[in-house]
Amino acid sequence: MQESATTAAAAALRYCDGALHRELCVAAVAAVPDAGNKTLPEVISAVLGRAAAAVRAAAANCSAYLRSDARRGGGLLGPRQRLALSDCLELFDHTIDELAAAAAALPPENSPATSATYRRCSPARSPTSTPASTASPTAAAAAAATRE
């Protein structure tokens with residue numbers, strides 16, 4: 001089920017509560033489709049994936065400039081510009097490694113850490129989107145207790 005823009009913004013605000021760079025966090029989380037219905041590790045994974053894609057695109061641009069310069073015999077870029085682009089490529093590689101390490105540190109989707117720890121941190125879901133809403137009040141209370 002697709003969530004509304006208002007619900008997505010509210011979910012982003014809840015996920016980013018206490019973030020060091022809250023506005024940046026909200027913008028990144030708000031771009032994740034259906035973020036309000038995902039666990040925190042799922043949202044983090046999506047944000048990391050988008051960041052990695054942006055870094056790869058920037059690296060491809062730098063590489064294209066360097067290739068174009070090389071094909072033309074080095075006349076397009078000066079030595080400092082070539083060095084700056086090479087430095088950028090090195091930093092992009094390091095960034096991709098760091099993003100991959102962060103993604104690898106997330107718990108697997110069905111691990112106890114995901115359900116116990118991260119579900120507690122995830123934004124509240126609407127009563128109509130949770131399976132417990134169709135159960136009895138006792139079953140709903142039991143389900144809530146197992147998440148904590």
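Side notes on the structure shown:
- Prolate is the label for the stretch 40-108, because a/c, from the alpha-carbon gyration tensor with a ≥ b ≥ c as root eigenvalues, is 1.5 or above and a/b exceeds b/c.
- Over the stretch 40-108, accessible surface divided per residue gives 64 Å², non-protein components excluded, 1.4 Å probe.
- Sites Glu90 and Asp17, calculated FRET efficiency, Cβ-Cβ separation with R0 35 Å, nearest 0.05: 0.50
- Estimated FRET transfer efficiency (Leu24, Ala70; beta-carbon r; R0 30 Å; 0.05): 0.25
The values are calculated or read from the model by the stated rules, or taken from the named source; none is laboratory data. In this text, all values refer to a predicted model and were calculated from it rather than measured experimentally. Virtual Cβ from ideal backbone geometry, glycine too; neighbours counted across all protein chains shown. SASA here: full protein model, heavy atoms, side chains in, ligands and nucleic acids out. Shrake-Rupley method; radii C 1.70, N 1.55, O 1.52, S 1.80 Å.
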